[in-house]
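Chemist: Sending over a structure as structure tokens; questions will come in a sec.
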Amino acid sequence: GYFRHYMLYKYAFTKKTEMSFSTVYTHTVSVPDNFLQPLGEAEDENQKLKKEEQEAMAKLEPVSTEVTAADLEAAGVPEDIREKVLAQVNEQLTAMKSNLDQKFQSTTKGMESKLQELEKKIRG
């Protein structure tokens, strides 16, 4: 009788599965008032980025590249060698700064030349 009543056995011994569907509307989230501006009042993207970059650069404080006697005193350097250490440290800092500036300039020149070559290939 199993094969004869296969559908009955299948119904009786199979777990019941229920599926429920629901719809969620995501587009009903409120949009800020100034999200879309009229084109006449809108700001050019490049100008906006430049303005933000200038504001960020203005917030940065220049870092002192020289060590003072007070810095050495705070670091616990003995007083009898403080002047020699101060001169040597400042000399090393100046050399490092000039070395970094030279590397930066050479890298910048290399990138600019590559950029010009690419622009020539694109144009011509």
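Chemist: Compute the normalised compactness of region 1-55: alpha-carbon radius of gyration over 2.2 N^0.38 Å, N being the residue count.
Modeler: Against the empirical 2.2 N^0.38 Å value, I get 3.04 for region 1-55.
Chemist: Here is a further query. Length gain on complete extension for the stretch ALA95 to ARG82, per 0.36 nm per residue less the alpha carbon to alpha carbon distance?
Modeler: Working: separation 13, 0.36 × 13 = 4.68 nm, distance 1.98 nm.
Extra length available between ALA95 and ARG82 comes to 2.7 nm.
Chemist: On to the next question. At a 1.4 Å probe, what is the % contribution of carbon and sulfur to the accessible area of the chain?
Modeler: Values: 7230 of 12840 Å².
It is 56 percent, rounded to a whole number.
Chemist: So, one more: How large is ³J(HN,Hα), in whole Hz, for each residue of region 83-91 in order, when computed from phi with the Karplus curve 6.51 cos²θ - 1.76 cosθ + 1.60 and θ = phi - 60°, using x for Gly and Pro?
Modeler: Once θ is set to phi - 60°, the couplings for region 83-91 become 5, 5, 5, 4, 5, 5, 5, 5, 5 Hz.
Chemist: I've got another one for you. Run the quick spin-label model on MET19 and SER106: label points 7 Å from Cα toward the beta carbon, then report their separation in nm to one decimal.
Modeler: Placing both labels 7 Å beyond Cα along the Cβ direction yields 6.7 nm.
Chemist: Here's another thing I want to ask about it. With springs only between Cα atoms under 10 Å, which of LYS50, LYS59, LYS15 fluctuates most in a Gaussian network model of the chain?
Modeler: Maximum fluctuation in the GNM of the chain, among the listed residues, is at LYS15.
Chemist: Turning to a different aspect of this structure: Quick one: net charge of MET96's neighbours, Cβ under 15 Å, K/R +1, D/E -1?
Modeler: -1
Chemist: On average, how much accessible surface per residue is there in region 40-93, in Å², for a 1.4 Å probe, leaving out ligands, DNA and RNA?
Modeler: 90 Å²
Chemist: Would you mind working out the magnitude of the charge dipole of the chain relative to its Cα centre, with +1 at each Lys and Arg C-beta and -1 at each Asp and Glu C-beta, to the nearest 20 Debye? Mind showing how you got there, number by number?
Modeler: Details: 17 positive and 21 negative charges, 340 e Å.
About 1640 debye.
Chemist: Can you work out the Karplus-derived ³J(HN,Hα) for every residue in region 48-57? Use 6.51 cos²θ - 1.76 cosθ + 1.60 with θ = phi - 60°, whole Hz, and x for glycine or proline.
Modeler: Residue by residue, region 48-57 yields 5, 5, 4, 5, 5, 5, 5, 5, 5, 5 Hz.
Chemist: If each of ARG123 and GLN54 carries a label point 7 Å out from its Cα toward its Cβ, how far apart are those two points in nm?
Modeler: 2.8 nm
Chemist: Mind checking Rg over Rh on the chain, alpha carbons, Kirkwood formula for Rh? Each step should come with its number before you reach the end.
Modeler: On the way: Rg = 35.8 Å, Rh = 24.5 Å.
For the chain, the value is 1.46.
Chemist: Along the charge dipole of the chain, Cβ charges K/R +1 and D/E -1, which of MET7, ALA95, VAL31 sits furthest on the positive end?
Modeler: MET7
Chemist: Evaluate Rg over Rh across region 49-93, taking Cα atoms for both radii and Kirkwood's formula for Rh.
Modeler: 1.31
Chemist: Moving on. Short version: ³J(HN,Hα) in whole Hz for each residue of region 97-110, in order, from phi by Karplus 6.51 cos²θ - 1.76 cosθ + 1.60 (θ = phi - 60°), x for Gly and Pro, what are they?
Modeler: Once rounded to whole Hz, the list reads 5, 5, 5, 5, 4, 5, 4, 5, 5, 5, 5, 5, 4, x.
The values are calculated or read from the model by the stated rules, or taken from the named source; none is laboratory data. The model shown is predicted, which means the values in this text are computed figures rather than measured ones. For neighbour counting, all protein chains shown are included, and Cβ atoms are generated from backbone atoms with ideal geometry for every residue, glycine included. What goes into the accessible areas is simple: the full protein's heavy atoms, side chains included, and nothing from ligands, DNA or RNA. Shrake-Rupley method; radii C 1.70, N 1.55, O 1.52, S 1.80 Å.
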